[in-house]
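The values are calculated or read from the model by the stated rules, or taken from the named source; none is laboratory data. The structure displayed is predicted, hence computed values, not measured ones. FYI the Cβ positions are ideal-geometry reconstructions off the backbone, even for glycines, and counts take in every protein chain you see. Quick note on the areas: whole protein, heavy atoms, side chains included, nothing else; ligands and nucleic acids left out. Shrake-Rupley method; radii C 1.70, N 1.55, O 1.52, S 1.80 Å.
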Amino acid sequence: SVWAEPEVKYFLWVYFLLISCTCTFLLLGLFVAVVTGTFKRVREGQGAAAFANKVMAMEAILDKSMASSAVGSRGESAFMMQGRQKDDERAEAAFQHAAFRMLFSGWFQNLSALAILVHCGFMSFDEKHNPTPMVNQDAVGVAYQVLCAFFVVELALRGVAYGTISAFWEERYNRVEIALVVLHIVGLVISNEFLVLLPSVRLYKLMRYFPTLEALLQSAIASGKSILNLILFIMVFILCFAVTGRYIFQDTMDTRQSFSSFYVAMLTIFQLLTGDSWSSVVYNAMASRDSYYSQIFAAFFIMIWFIYSKLIISNLFVAVIIEN
């Protein structure tokens, strides 16, 4: 358009820029706002019922805990004369407190981060298949063993700091650390390179030095379950539209984007979901029809899925991440 009308090219630049900005930022932003608001209201409605159930469960746990405390107090009064149990509890509490303070102290956190960096550094020099490695591979193996021992000690220190096995197991990081330590030990025993290099995922612990990146990582992890449910929801709709298109068009579209088989129909629906050459699919669907009204219906079917997937389903991902 700019080259066709050189006299008003500056006006056309501004005009198309305004159209692009309006359609890209304003209209799509409005769709995101509408979907997010609706999603939030649904979550709040479900959250009220979930909160009521949670309060009832907490009250039951509290009643059980109070009953156990009453029983424990009677038992303690019976053994108060001896004093052994009380002294043991004090010693355990002091030991647990010392382990807790050491584990979450600044110097130990920095030491743990340094161990992770050194571990990943030795992994980068792991060149067992290289005939001329830069670093002695025996030294790399010794470093693996020493650092694995350090992480075992750190894990044991965490177990002491949390006090009980249930409290220790409730923490997601502790479960991940147990898996990494066990897999690392197994990798060293059986000389499996993959298991030995797997603990490099500990690098995510260094995110605490970058609060913004840590917040983004936590948001992505928190959204994982919801995004998985959303993907399953999208797959159901893709399946429904692919089967419907298979019955409507069958073998009438002589192009690569068609509904000639279930597999090709799934690919065509996915292509419309991504927005890749969606207009060509519309024109090919219209060309496969004979009458005027059937062409309108074919275009209507394709456009319904394109609009629904592009403006609603795609923005559901944004809504899920915002809500989490």
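Per-residue answers, yes or no, for (1) among the β-branched types (V, I, T); (2) under 26 Å from A222 (Cα atoms); (3) open to solvent by less than 40 Å² (accessible area, probe 1.4 Å):
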{"site": "F95", "(1), (2), (3)": "no, no, no"}
{"site": "S112", "(1), (2), (3)": "no, yes, yes"}
{"site": "G121", "(1), (2), (3)": "no, no, yes"}
{"site": "A143", "(1), (2), (3)": "no, no, yes"}
{"site": "C148", "(1), (2), (3)": "no, no, yes"}
{"site": "L155", "(1), (2), (3)": "no, yes, yes"}
{"site": "V160", "(1), (2), (3)": "yes, no, no"}
{"site": "I185", "(1), (2), (3)": "yes, no, no"}
Unmet criterion (only one of (1) at pLDDT 85 or above; (2) touching a helix residue (DSSP H, G or I) at 6+ places or on another chain (Cβ under 9 Å); (3) not aliphatic (A, V, I, L, M)) for G275: (1)
Failed criterion for M253 (all others in (1) crowded, with 17+ Cβ neighbours inside 10 Å; (2) under 28 Å from the mean Cα position of the chain (by Cα) hold): (2)
Matching residues in segment 187-205 - criterion: being part of a loop (DSSP other than H, G, I, E, B) and touching a helix residue (DSSP H, G or I) at 6+ places or on another chain (Cβ under 8 Å): N192
So Y144, is it part of a helix (DSSP H, G or I) and over 28 Å from the mean Cα position of the chain (by Cα): yes
E154 vs. criteria of a type in the set (D, E), at pLDDT 80 or above, out of contact with any Lys or Arg (no Cβ under 8 Å at 6 or more places or on another chain) and not in a loop (DSSP other than H, G, I, E, B): yes
Identity of the residue in segment 205-224, surrounded by 15 or more Cβ atoms within 10 Å (Cβ to Cβ) and modelled with pLDDT of 75 or more, that ends up farthest from the chain's Cα centre (by Cα): L206
Condition met for I227 (surrounded by fewer than 17 Cβ atoms within 10 Å (Cβ to Cβ) and either in contact with a helix residue (DSSP H, G or I) (Cβ under 6 Å, 6 or more places away or on another chain) or assigned to a helix (DSSP H, G or I) (or both)): yes
Filter pass, V282 being among the β-branched types (V, I, T), touching a helix residue (DSSP H, G or I) at 6+ places or on another chain (Cβ under 6 Å) and at pLDDT 85 or above: yes
Any hit, segment 241-248, residues being open to solvent by less than 70 Å² (accessible area, probe 1.4 Å) and of a type in the set (K, R): no
